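The values are calculated or read from the model by the stated rules, or taken from the named source; none is laboratory data. Fair warning: this is a prediction, and the values are worked out from it, not measured in the lab. Neighbour counts run over all protein chains shown; Cβ positions are idealised from the backbone, glycine included. These area figures cover heavy atoms from the full protein model, side chains too; ligands, DNA and RNA do not enter into them. Shrake-Rupley method; radii C 1.70, N 1.55, O 1.52, S 1.80 Å.
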Amino acid sequence: QFAEFLAAQLPAVEYTGVDFSGVAVSRGRQRCPRFLFERRELPIADFSGLPPFDTVICTEVLEHVERDREILAALPQGARIVASVPNFDAFGHLRLFRGTDEVRERYGALIEGLQVEGIVLSAQNTLWLMHGTRSAAPLAAEESSAPALGSIDLGACAVDAVLWTDGTRYTQD
């Protein structure tokens, strides 16, 4: 969906989509053949197989994964980061952010010049849009550990998701 939006709004942009789902990558290739789509697990430790980039856009991801800070910490220093996180609980959310201070507290050390703005979806629901540049700060050693007890390794189970705009069902075995 995001690739389609970019293709329509910024026809000269170069874009590489990354997803853990081979089905989603295949669908992206079909719908936006001029863009590159790669199946990768996050965090990405080696960017050598991807085209050079200056900006990472991460929407509706960080609230769903245990290793959210590791994903950001793995990005090259100086990369521009644009990401969103919610203030509301929903299926699959591991965390939510009640205000901009909570977003800054969690990601501020990793994103230099972090700016956070609210996008109001409804009276109760806000997405926090954050942007800045990947700082030189490393992730603290205690934060780069194995997932917490009770977390689910999606690589070990089937994933079933529905693309909300057109009802397309994606599955990952």
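For this structure, a couple of remarks:
For every residue, the table says whether it meets (1) more than 17 Å from Ala140 (Cβ to Cβ); (2) of a type outside the set (D, E, K, R).
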{"residue": "Ala73", "(1), (2)": "no, yes"}
{"residue": "Ala79", "(1), (2)": "yes, yes"}
{"residue": "Val85", "(1), (2)": "yes, yes"}
{"residue": "Phe88", "(1), (2)": "yes, yes"}
{"residue": "Phe91", "(1), (2)": "yes, yes"}
{"residue": "Asp101", "(1), (2)": "yes, no"}
{"residue": "Glu112", "(1), (2)": "no, no"}
{"residue": "Glu117", "(1), (2)": "yes, no"}
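- Hey, Ser48 hydroxyl-bearing (Ser, Thr, Tyr) and exposed (fewer than 13 other Cβ atoms within 10 Å of the Cβ) or not: yes
- Subset tally (residues that are open to solvent by less than 70 Å² (accessible area, probe 1.4 Å), within 20 Å of Thr55 (Cβ to Cβ) and assigned to a helix (DSSP H, G or I)) for segment 3-24: 4
- Filtering segment 85-111 to residues that are in contact with a Gly (Cβ under 8 Å, 6 or more places away or on another chain) and under 12 Å from Glu63 (Cβ atoms) leaves only Asn87.
- Among the numbered conditions (1) farther than 21 Å from Pro138 by Cβ; (2) open to solvent by less than 40 Å² (accessible area, probe 1.4 Å); (3) in a strand (DSSP E or B), the only one that Glu38 does not meet is (2).
- Residue satisfying all of: in segment 53-81; open to solvent by 40 Å² or more (accessible area, probe 1.4 Å) and not in a loop (DSSP other than H, G, I, E, B); farthest from His131 (Cα to Cα) among these: His64
- Candidates are the residues of segment 82-101 that are touching a His at 6+ places or on another chain (Cβ under 8 Å) and surrounded by fewer than 17 Cβ atoms within 10 Å (Cβ to Cβ); the one that is nearest to His131 (Cα to Cα) is Val82.
- In segment 25-35, the qualifying residues are those that are in contact with an Asp or Glu (Cβ under 7 Å, 6 or more places away or on another chain) and either of a type in the set (A, V, I, L, M, F, W, C) or open to solvent by less than 70 Å² (accessible area, probe 1.4 Å) (or both), and the one that is farthest from Phe47 (Cα to Cα) is Cys32.
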